[in-house]
Amino acid sequence: MAVTGRLGLLALLGAFLPLLVASWWSLLGVWAVLAVGVAADLLLAGNLRALRLHRDGDTGVRLGETARVALIVENTGRRRVRARLRDVWPPSAGAAPRVVRIDVPAGERRRVEITLTPTRRGDRDAVTVVMRSRGPLGLAARQLSRPAPWRVRVLPAFPSRRHLPAKLAKLRELTGTNIAQIRGQGTEFDSLREYVAGDDVRSIDWRATARRGDVVVRTWRPEQNRRIYLVLDTGRTSAGRVGDVPRLDCSMDAALLLGALASRAGDRVDLLAYDRRVRARVEGSSRTDLLTAMVQAMAPLEPALIESDAAGTVSALLSRVRQRSLVVLLTELNPAAIEEGLLPLLPRLTARHLVLIAAVADPRAAEMTSARGDLAAVYDAAAAERAHAERARLTAELRAFGVEVVDAPPDRIAPALADAYLALKAAGRL
């Protein structure tokens, strides 16, 4: 029985063996045809190594606006190249389109326009360019990645520039045709005019009155060429987000508006970004170059997740600023950080300079104080009230040292700081 079974199996294999051999030959034939097709596709596909890449376009853009960068593809080979091309940038650069098709005849060039709509400040560098060229049969393709370096610097958005015309109008009331009749430290004599009811009797010029026979008063105007030193705190508290914007970006916006306003007033404006070391510095810029220098210095700044060194900040200021100046410290009213770090050092600073602290308040905290929906909302409201009381107490302590304090939400911090500067001008304190 066993011998009979084996003979039957051998007979079955003998019957199917020709069919199996024929199938293998058919399969090998298919693979051979495919291999020939792939080889032909690779041979006929465009020579990507013959392509040369060049760049031109924008090198700077404000956050929220769009830049255009061109990628120029030059074919130095002898055959036309048809390819799909992807210009790779970091996701925060907002590059579009993602993929484009190019058709470059031999010896010619094609220009590909890439638009960038960045979502973050700082330098955005092109990563690489990936090119893929398929053969006419579509069975195979050549792919090549090549660098095409380009850098676009994303500058601060400066949304508060819309407030500048109104602030300049207020400034002209002080230094323009309507000279402010004020007295006090930091004022300059402007002219003489007749006395009118309401004038300060201390402004009467008795010699001129005796010569003219009418009561004559002196008019004064705020002194120009004062020094304003802006200090950006880039420590860990500047990393906190207020709404959708980091505190550091709100502080930058306020610094830019104040810098633009003070430079128009004829004052000298300098900038220092500091946490435990100097991150950026702008000093000695002319009025026309100031804003450009400031935005270029601010663009790459990122908050450092470390505690700011108040002693180092004060030492850096005292070593750089000799004449009496307005020192504007843009930081967070964090009770622990200020009471332990800055408060003990304030007498050294206020003895030589007028100090103003500008802080960005969180509007969400103000909203939480009125929430009473459930138990969690009540606890949130209590916490917000406590935080508000802490900020008020800290503000009172700072003012006891002679420090001016501006505490406002993100949409108001820039104009509020500008108004504080104008108030100091009008009061003759600057």
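Which residue is least open to solvent (accessible area, probe 1.4 Å), if the candidates are limited to the stretch 326-347 and must be part of a helix (DSSP H, G or I) and of a type in the set (D, E)? Among those residues, the one meeting the criterion is E339. Could you list, ordered by first residue, the pairs with Cβ atoms under 9 Å in which the first is in the stretch 389-413 and on the phi > 0 side of the Ramachandran plot and the second is in a helix (DSSP H, G or I), at least 6 apart or interchain? Note: pairs meeting the criteria are G402/L346; G402/T350.
Looking across the stretch 225-242 at every residue that is out of contact with any Pro (no Cβ under 6 Å at 6 or more places or on another chain) and surrounded by fewer than 19 Cβ atoms within 10 Å (Cβ to Cβ), the one that is farthest from F158 (Cα to Cα) is identified as N225.
Let's see how each residue does on (1) under 12 Å from L230 (Cβ atoms); (2) out of contact with any Asp or Glu (no Cβ under 8 Å at 6 or more places or on another chain):
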{"site": "G266", "(1), (2)": "no, yes"}
{"site": "T288", "(1), (2)": "no, yes"}
{"site": "A297", "(1), (2)": "yes, yes"}
{"site": "V328", "(1), (2)": "yes, yes"}
{"site": "P335", "(1), (2)": "no, no"}
{"site": "R372", "(1), (2)": "no, yes"}
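Taken together, the criteria place V403 among residues that are β-branched (V, I, T), over 20 Å from L257 (Cβ atoms) and either surrounded by 19 or more Cβ atoms within 10 Å (Cβ to Cβ) or out of contact with any strand residue (DSSP E or B) (no Cβ under 9 Å at 6 or more places or on another chain) (or both).
Restricted to the stretch 126-154, and to residues there that are assigned to a strand (DSSP E or B), touching a helix residue (DSSP H, G or I) at 6+ places or on another chain (Cβ under 9 Å) and surrounded by fewer than 20 Cβ atoms within 10 Å (Cβ to Cβ), the residue that is modelled with the lowest pLDDT is A141.
Take the residues of the stretch 310-345 that are without any contact (Cβ under 8 Å) to a residue 40 or more places away in the chain and among the hydrophobic types (A, V, I, L, M, F, W, C): which is farthest from L258 (Cα to Cα)? Within the stretch 310-345, the match that is farthest from L258 (Cα to Cα) is A336. Any residue at all in the stretch 209-217 that is in a helix (DSSP H, G or I), surrounded by 14 or more Cβ atoms within 10 Å (Cβ to Cβ) and modelled with pLDDT of 75 or more? Scanning the stretch 209-217 turns up at least one residue that is in a helix (DSSP H, G or I), surrounded by 14 or more Cβ atoms within 10 Å (Cβ to Cβ) and modelled with pLDDT of 75 or more. Scanning the stretch 279-299 for residues that are in contact (Cβ under 8 Å) with a residue 12 or more places away in the chain and either among the charged types (D, E, K, R) or surrounded by fewer than 14 Cβ atoms within 10 Å (Cβ to Cβ) (or both) returns R279, R281, E283, G284, R287.
Taking the stretch 105-125 as the range and being surrounded by 21 or more Cβ atoms within 10 Å (Cβ to Cβ) and either of a type in the set (K, R) or assigned to a strand (DSSP E or B) (or both) as the test, the residues that pass are I114, L116, R121, R124. Here A304 meets the list (1) under 23 Å from P159 (Cβ atoms); (2) surrounded by 15 or more Cβ atoms within 10 Å (Cβ to Cβ); (3) under 16 Å from the mean Cα position of the chain (by Cα) almost entirely, failing just condition (1). Inclusion of D87 among residues that are under 35 Å from the mean Cα position of the chain (by Cα), farther than 30 Å from A239 by Cβ and open to solvent by less than 60 Å² (accessible area, probe 1.4 Å) is warranted. Criterion first (within 30 Å of A265 (Cα to Cα) and either part of a helix (DSSP H, G or I) or open to solvent by 70 Å² or more (accessible area, probe 1.4 Å) (or both)) does A414 satisfy it? Judged against the criteria, A414 is a match.
The residue of the stretch 310-325 that is surrounded by the fewest Cβ atoms within 10 Å (Cβ to Cβ), among those that are out of contact with any Phe, Trp or Tyr (no Cβ under 9 Å at 6 or more places or on another chain) and not in a loop (DSSP other than H, G, I, E, B), is S319.
The values are calculated or read from the model by the stated rules, or taken from the named source; none is laboratory data. Note that this is a predicted model, so its numbers are computed, not measured. Every residue, glycine among them, receives a Cβ derived from its backbone with ideal geometry; neighbour counts consider all protein chains shown. Just the protein is used for accessible areas: all its heavy atoms, side chains included, with ligands, DNA and RNA removed. Shrake-Rupley method; radii C 1.70, N 1.55, O 1.52, S 1.80 Å.
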